[in-house]
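Presented below is the structure to which this report refers.
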Amino acid sequence: MSRRVRGDREEADLPVDPDVDLRHERDVFRRPEAPARRRTWDVLAVIALGGGAGAVARYLLGQAFPASPTGFPWGTFLANVTGCFALGVLMVFVLDVWPPRRYVRPFLGVGFLGGFTTFSTFTTEIVDRSWHGAWPTAGAYAAGSLVAGLVAVWCGIVLARALAGLPVRRRGRRGE
């Protein structure tokens, strides 16, 4: 990570989000002009299309793995864990491998994976299991989902970096 001097202090360069235009960072609270507003509708449409496709995929996965009110909800668990894995892979390719593209992250990351994964159903299923007295299942589902999701993101990042020929770990984060 490189450093730059601004005034009398030194600052580290931060990662850049390709979807955010910082050329007018001082004008954050200014009302955007009409052309800027028109440009966002295409991104919102792409997010909506991706979200619809992701929600349909999650519904189909839930139908393939139905669960009783006291059983382990494998459909939602698999959707959330595979979504975490896919997000780990996607972010490596979007940020480190592919050139910036306007619609890839909104469609896949925000739309499809946002519609495919679900925190609300996860929470509702924990409450349902608890309500029906299946406390061990609710606890295993809650803890297992969190641990499996974190491991899945890490595995997705490691796999994507290996496939792209990038080092698995970036150097210089702590010791600069």
Output wanted: per-residue J couplings in Hz (rounded whole) for region 56-67, from phi through Karplus 6.51 cos²θ - 1.76 cosθ + 1.60, θ = phi - 60°, x for Gly and Pro.
5, 4, 5, 4, 5, 5, x, 5, 6, 10, x, 10
So if we plug the beta-carbon distance of Tyr59 and Arg169 into 1/(1 + (r/R0)^6) with R0 = 41 Å, what FRET efficiency do we get, rounded to 0.05?
0.65
Here the convex hull volume per residue of region 46-163, taken over Cα atoms and given in Å³, is 84
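Every number here is computed from the coordinates shown, using simple stated rules; none is lab data. Small disclaimer: the values here were computed from a predicted structure and weren't measured. We place every Cβ from the backbone using ideal geometry, glycine too, and count neighbours over all the protein chains shown.
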